[in-house]
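Structure record follows, encoded as structure tokens.
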């Protein structure tokens, strides 16, 4: 901590959850064990996004065990962005940190994640999201941080062992911002983000990209570590292809209709180019072949969104979303 004034800054952890009561209990146990100085006033807001399982009971138990630390909030409007925006509105802290309901945070996570925000240099921070110790990478998957990297599908984020200025937005599983940033730049876009069983996301990276485009300074803090599970269901080609298709849809929502060539949307040329690369990829290089198959799914998702989206603003950029869920003018 930099000085006594900084230590008095309040921190709110927003944990949004939907029908994951078992993993939620483990996540709450881990954050309850956070090691911060006694002078730091911090809280955990559990935002129940209309769950139908035992989520309320699990959260209520922690509220009873730690009445001055945990709070329960029910958000009936479905969607991760709606839940996060509700948590931001209710947060008492000057700093708002985010974690997922299926991960385990290290005891020093919250202290290390929020430390860079205790001065005026940085407005947002992203930490390291690591796979479990028993994680085994399939031969067809690339997780090396290069051009074919697919870490985002598994919500893994690792920019190395040294702190540095972020040139790309952090992931929602491990990030924190000054609350003033949401008042200044708006909340998470409600047309993006998980909703029920939908895989459409990008609400976290869209917000981070919005800040970077406004020349706000974000930092990477490698000592803020969380461990994200990788289930067998996610570690399949079927899941990866579905995720990249949803990513394409989210990308098109985020970017709008996009440019065209001779009146033809560029996504058509992307599909043709990626199809050729996939078909000509050598079977002896399964990682590269699967990479181009995934890129083809991204383009297909973009094309699907262009023609079948019901949004009325297909041909212009979606307005930013305020914390009450309404578009900002």
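Within the stretch 35-62, the residues that satisfy the criterion of being crowded, with 20+ Cβ neighbours inside 10 Å and within 24 Å of the chain's Cα centre (by Cα) are 42, 44, 45, 46, 47, 48, 49, 55, 58, 59.
Count of the stretch 170-215 residues, restricted to those that are assigned to a loop (DSSP other than H, G, I, E, B) and touching a strand residue (DSSP E or B) at 6+ places or on another chain (Cβ under 7 Å), is 8. Tell me, yes or no, whether the stretch 128-140 has at least one residue that is modelled with pLDDT under 95, buried (at least 21 other Cβ atoms within 10 Å of the Cβ), part of a loop (DSSP other than H, G, I, E, B) and assigned by TED's automatic domain parsing to the domain that holds residue 76. No, every residue in the stretch 128-140 fails to be modelled with pLDDT under 95, buried (at least 21 other Cβ atoms within 10 Å of the Cβ), part of a loop (DSSP other than H, G, I, E, B) and assigned by TED's automatic domain parsing to the domain that holds residue 76.
As a summary of the residue check, residue 201 satisfies the conditions (1) crowded, with 16+ Cβ neighbours inside 10 Å; (2) at pLDDT 95 or above; (3) closer than 15 Å to residue 157 by Cβ except for the one numbered (2).
The listed residues are 151, 180, 198, and the only one of them that is free of Cβ contacts under 8 Å to residues at least 24 places away in the same chain, under 25 Å from residue 84 (Cα atoms) and in the same structural domain as residue 219 (by TED's automatic domain parsing) turns out to be 151.
Here's the yes/no breakdown for (1) modelled with pLDDT under 85; (2) on the phi > 0 side of the Ramachandran plot; (3) in contact with a strand residue (DSSP E or B) (Cβ under 8 Å, 6 or more places away or on another chain); (4) not in a helix (DSSP H, G or I):
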{"site": "248", "(1), (2), (3), (4)": "no, no, no, no"}
{"site": "251", "(1), (2), (3), (4)": "no, no, no, no"}
{"site": "274", "(1), (2), (3), (4)": "yes, no, no, no"}
{"site": "282", "(1), (2), (3), (4)": "yes, no, no, yes"}
{"site": "290", "(1), (2), (3), (4)": "no, no, no, no"}
{"site": "300", "(1), (2), (3), (4)": "no, no, no, no"}
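Considering (1) under 17 Å from residue 175 (Cβ atoms); (2) modelled with pLDDT under 95; (3) within 19 Å of the chain's Cα centre (by Cα), the lone condition that residue 150 does not fulfil carries the number (1). On the basis of being within 25 Å of the chain's Cα centre (by Cα), at negative phi, modelled with pLDDT of 70 or more and surrounded by 11 or more Cβ atoms within 10 Å (Cβ to Cβ), does residue 320 make the cut? So residue 320 fails the test. Before we move on, is residue 90 surrounded by fewer than 18 Cβ atoms within 10 Å (Cβ to Cβ) and free of Cβ contacts under 8 Å to residues at least 24 places away in the same chain? In short, no.
With respect to the conditions (1) touching a helix residue (DSSP H, G or I) at 6+ places or on another chain (Cβ under 8 Å); (2) part of a helix (DSSP H, G or I), residue 116 lacks only one, and its number is (1). Restricting attention to the stretch 221-232, does a residue exist that is at pLDDT below 70 and over 24 Å from residue 23 (Cβ atoms)? No, the stretch 221-232 has no match at all.
In a loop (DSSP other than H, G, I, E, B) and modelled with pLDDT under 95, is that true of residue 68? The answer is yes for residue 68. Under the condition of being in contact with a helix residue (DSSP H, G or I) (Cβ under 8 Å, 6 or more places away or on another chain) and either part of a helix (DSSP H, G or I) or closer than 19 Å to residue 90 by Cβ (or both), the residues counted in the stretch 41-53 number 8.
The values are calculated or read from the model by the stated rules, or taken from the named source; none is laboratory data. Worth saying up front: this structure is predicted, and the values here are computed from it rather than measured. Using ideal geometry, Cβ is built from the backbone for each residue, glycine included, and neighbour counts are taken over all protein chains shown.
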